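As structure tokens, the structure follows; a few thoughts come after it.
The values are calculated or read from the model by the stated rules, or taken from the named source; none is laboratory data. Owing to the predicted nature of the structure, the values given are computational and were not obtained by experimental measurement. Quick reminder, even Gly has a Cβ in these numbers, built from the backbone with ideal geometry, and neighbours come from all protein chains shown.
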Number of protein chains: 2
Amino acid sequence: MQNFDFHNPTRIVFGKNRIADLNKLVPADAKVLILVGGSSAEKTGTLAEVRQALGGRTHATFSGIEPNPSYETAMQAVQQVRDGGHDFLLAVGGGSVIDAVKFIAAAALFEGDDAWHIMEKGGRNITQALPFGTVLTLPATGSEMNNGGVITRRDIGAKLPFSSRYCYPLFSVLDPTKTYTLPPQQLANGVVDAFVHTVEQYLTYPVDGRVQDRFAEGILQTLVEIGPRLLTATEPDYDDRANLVWAATMALNGLIGAGVPQDWSTHMIGHELTALYGIDHARTLALVLPALLHERRAQKQAKLLQYGERVWGITSGSNEERMDAAIAHTRSFFEAMGIPTRLSDYGLGADAIDSVIHQLQAHGMTQLSEHRDLTPAISRKVLEGAL
Amino acid sequence: MQNFDFHNPTRIVFGKNRIADLNKLVPADAKVLILVGGSSAEKTGTLAEVRQALGGRTHATFSGIEPNPSYETAMQAVQQVRDGGHDFLLAVGGGSVIDAVKFIAAAALFEGDDAWHIMEKGGRNITQALPFGTVLTLPATGSEMNNGGVITRRDIGAKLPFSSRYCYPLFSVLDPTKTYTLPPQQLANGVVDAFVHTVEQYLTYPVDGRVQDRFAEGILQTLVEIGPRLLTATEPDYDDRANLVWAATMALNGLIGAGVPQDWSTHMIGHELTALYGIDHARTLALVLPALLHERRAQKQAKLLQYGERVWGITSGSNEERMDAAIAHTRSFFEAMGIPTRLSDYGLGADAIDSVIHQLQAHGMTQLSEHRDLTPAISRKVLEGAL
């Protein structure tokens, strides 16, 4: 096992009817800015519920944080924070809103001349941030219990990650019933996003991290069991939704990755596909992962065999056959969730690969993977395998 | 799944050679009181390593916290804290030292006239505590990453639990090499303690907490795999020790019990056996648990069958046969760890049962278990099953 630090101070408030707890969770004298995405939080009544829970606290709302949240929109929110003298932010939404709020919380107090420097340094230059909480309505990214985010700058086509120890939510309210109004595509995206987050902290090389491996496998098994049911259920099942929410949160709160190697290549290649072609984040992961596992089967053999056996029950055949079967099960699972796994499904071909490789090089993503040996040439092979 | 809150702010600093990190972890201007058990921290050199890491900070040492730490000893330490003006406590040891330090941290700032009131209220009257960190040398109790402890008052033969949100360690240094000097009996106790902690948050009734169940099963599988090897290894294996430490920490940091029923009957009955007869904490758990599972097989049937299948691979036979086999495997595992599972192994008989039942009643332990229906009469049957 590798040495590690683990520290996650976010308070989780989980279950039915927990939004009312905001009245205890938000400081009594806070001047709150609520931040939301589109109009769904208003339509579903969640925003009204949040406002009621805030009681007599001063509050305003910033609306319009888009999927793959942009620097440009976030800076508008920063302006509203400053103009309004807000001292507490409350994200109501999914990973995009929460990621944006983390950036806004840091940018509002950033002392440099240009808050984009935060992204250029990956957040290492953040020294303070406004306190913030979240009300999660879309389980997927795990942003509700970690300190990182991803921000897109439209004018230069860049989608970059940042993190900081100042960017943990103070609390996150996770009410599984808030997922009842999600369309099937967003549920499917959430399952695949959480699945790939888990794989990226698990499917590398063995370091005898037995608890971490079993926790990761437990999340994957849970997603495999509940994923298809989420799509076919005629009425939402509370426990299936609760398991989805908790699995997605646990998939990226630092725990399963503590003390083990990690391989975020799939995310880094996927980010470029979103930035260039606007493909949903989770869908880019489903495009890249099966091809990446195929290309990197030599480096990942031991864990691929373990994954095949423990998650998919594959116990017979040669090593090569078992790895093929594990990758095929992964691809089939994504497709059963209604998520395509081929670039051609999006009308993309060899030209797109050239563009992605160019952007990976421009963003310094030239030494990816747990071995830091996944060069642009190998990224090209991965993408060719996804055609 | 049940509603839950989860919040665990303790920072974990895990791995080889991490004691040097104390220099960053302890506030620079702290006036530190180091607290240890017997002489082992001195003999093994750990105490010298700790003192060196503290650099120029003012520090003193309190030595003599016993296993099943006593109120009487803890209050001596409180006096030293006050006399010396210490504002930071550093526990160096196992669960007993850490539990005591939590109580000392709260008692030193307790505003009531008698700090024993803390125990009478189970910690609910704690409103502040001195900050403290830990250096773990004995993996077992999980106290290094939770907010609870158990204190024994000798003059009245009481062993009682307490907890408070003010009693989380600020940090815990977990260096698996610090377990290399432990005698086999303490390693075995640690494995059994962590195993039973996990079972008590898992083996109740199903609420479809899939992630929690799989995490619990992952800890149990890990302990089953590494436990016997810890006893037979001629040289300590780093990864086996690291897995033991992390499994024991994860077994009782609130995570696997979040959102699921819990049954702490085994602990409550075991505490009385320790208080009356001085049997090691973990050994009392090994005495009680198999008999408790047998007595409560009707209430626990669904989870007992799941436990048998997923932890022990028991898939054939009638339900009764499978439950019998799961309980038998549990008993055999404890005995393979060198830990007896019968009262008669300690020379105890029917008289001891009368005494334990008397004490359970005296301490209000009359409605135990996940159903709050485990009366003293049922505790008696459990103990009779352990004769």
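Look at A:T134 and say whether it is of a type in the set (S, T, N, Q), surrounded by fewer than 17 Cβ atoms within 10 Å (Cβ to Cβ) and under 30 Å from A:Q52 (Cβ atoms). In short, no. Name every residue in region B:179-189 that is of a type outside the set (A, V, I, L, M) and outside any helix (DSSP H, G or I), in order of residue number. B:Y180, B:T181, B:P183, listed by residue number.
On the stretch given as region B:167-188, residues that are closer than 18 Å to B:A106 by Cα and in contact with a Gly (Cβ under 6 Å, 6 or more places away or on another chain) total 3. Put simply, of A:D324, A:D351 the only residue that is out of contact with any helix residue (DSSP H, G or I) (no Cβ under 9 Å at 6 or more places or on another chain), assigned by TED's automatic domain parsing to the domain that holds A:L203 and without any contact (Cβ under 8 Å) to a residue 12 or more places away in the chain is A:D351. Pairs meeting the criteria (first residue in region A:134-152 and under 21 Å from A:A258 (Cβ atoms), second residue of a type in the set (V, I, T), beta carbons under 7 Å, at least 6 apart or on different chains) are A:G142/A:T249; A:S143/A:I98; A:E144/A:I98; A:E144/A:T134; A:E144/A:T249; A:M145/A:T10; A:M145/A:I12; A:M145/A:T249. Of all the criteria given as (1) in a helix (DSSP H, G or I); (2) crowded, with 24+ Cβ neighbours inside 10 Å, the one not satisfied by A:R229 is (2).
When region A:143-177 is filtered for residues that are part of a helix (DSSP H, G or I) and either touching a Lys or Arg at 6+ places or on another chain (Cβ under 8 Å) or outside the structural domain of A:P131 (by TED's automatic domain parsing) (or both), the ones remaining, listed by number, are A:S143, A:C167, A:P176, A:T177. Sub-8 Å Cβ pairs linking a first residue in region A:110-128 that is in the same structural domain as A:V81 (by TED's automatic domain parsing) to a second residue that is hydroxyl-bearing (S, T, Y) and surrounded by fewer than 18 Cβ atoms within 10 Å (Cβ to Cβ), at least 6 apart or interchain, are A:E111/A:T127; A:G122/A:S163; A:G123/A:S163; A:I126/A:Y166; A:T127/A:Y166; A:Q128/A:Y166, ordered by first then second residue.
The single residue among B:S316, B:S332 that is assigned to a loop (DSSP other than H, G, I, E, B), farther than 23 Å from B:V211 by Cβ, without any contact (Cβ under 8 Å) to a residue 12 or more places away in the chain and not assigned by TED's automatic domain parsing to the domain that holds B:A158 turns out to be B:S316. Under the condition of being among the β-branched types (V, I, T) and within 13 Å of another protein chain (Cβ to nearest Cβ), which residue from region B:168-213 is nearest to B:T134 (Cα to Cα)? This residue is B:V173. The sole residue among B:A60, B:A91, B:A53 that is of a type in the set (A, V, I, L, M, F, W, C), touching a Leu at 6+ places or on another chain (Cβ under 6 Å) and within 17 Å of B:P169 (Cα to Cα) is B:A91. Residues considered: A:A233, A:A188. Of these, the only one that is farther than 18 Å from A:L305 by Cβ and under 17 Å from the mean Cα position of the chain (by Cα) is A:A188. In this entry, A:I279 passes the filter for residues that are farther than 30 Å from B:V13 by Cα, part of a loop (DSSP other than H, G, I, E, B) and either within 14 Å of chain B (Cβ to nearest Cβ) or under 15 Å from the mean Cα position of the chain (by Cα) (or both).
Consider region A:347-377 and keep the residues that are touching a Lys or Arg at 6+ places or on another chain (Cβ under 8 Å) and not small (G, A, S). The one that is nearest to A:K303 (Cα to Cα) is A:L374.
Rundown of residues vs (1) within 14 Å of another protein chain (Cβ to nearest Cβ); (2) over 26 Å from A:R241 (Cα atoms), yes/no style:
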residue: A:M1; (1), (2): yes, yes
residue: A:F4; (1), (2): yes, yes
residue: A:L22; (1), (2): yes, no
residue: A:I34; (1), (2): no, no
residue: A:L47; (1), (2): no, no
residue: A:P67; (1), (2): no, no
residue: A:S70; (1), (2): no, yes
residue: A:V78; (1), (2): no, yes
residue: A:D83; (1), (2): no, yes
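Could you tell me whether A:M250 is away from chain B (no Cβ under 13 Å) and in a helix (DSSP H, G or I)? No. Please verify whether region A:286-302 includes one or more residues that are in contact (Cβ under 8 Å) with a residue 12 or more places away in the chain, more than 25 Å from A:L383 (Cβ to Cβ) and surrounded by fewer than 24 Cβ atoms within 10 Å (Cβ to Cβ). Scanning region A:286-302 turns up at least one residue that is in contact (Cβ under 8 Å) with a residue 12 or more places away in the chain, more than 25 Å from A:L383 (Cβ to Cβ) and surrounded by fewer than 24 Cβ atoms within 10 Å (Cβ to Cβ). When B:V207, B:V260, B:V211, B:V192 are checked against the criterion of being buried (at least 19 other Cβ atoms within 10 Å of the Cβ), not in a helix (DSSP H, G or I) and not acidic (D, E), a single residue qualifies: B:V260. Could you list all residues from region B:214-246 that are at the interface with another protein chain (Cβ under 9 Å from one of its Cβ atoms), touching a residue at least 60 places away in the same chain (Cβ under 8 Å) and of a type in the set (G, A, S)? Listed by number, the list holds a single entry, B:A242. Test each condition in (1) closer than 27 Å to B:P183 by Cα; (2) of a type in the set (S, T, N, Q); (3) without any contact (Cβ under 8 Å) to a residue 12 or more places away in the chain for B:Q79 and report the one that comes out false. Among (1) closer than 27 Å to B:P183 by Cα; (2) of a type in the set (S, T, N, Q); (3) without any contact (Cβ under 8 Å) to a residue 12 or more places away in the chain, the lone unmet condition for B:Q79 is (1). Here B:A30 meets the list (1) under 18 Å from B:V13 (Cβ atoms); (2) in contact with a Leu (Cβ under 6 Å, 6 or more places away or on another chain) almost entirely, failing just condition (2). Out of the residues in region A:342-363 meeting the condition of being outside any helix (DSSP H, G or I) and surrounded by fewer than 20 Cβ atoms within 10 Å (Cβ to Cβ), tell me which one is modelled with the lowest pLDDT. Per the criteria, the residue is A:H363. Scanning region B:274-285 for residues being crowded, with 19+ Cβ neighbours inside 10 Å and in contact with a Ser or Thr (Cβ under 8 Å, 6 or more places away or on another chain) gives a total of 6.
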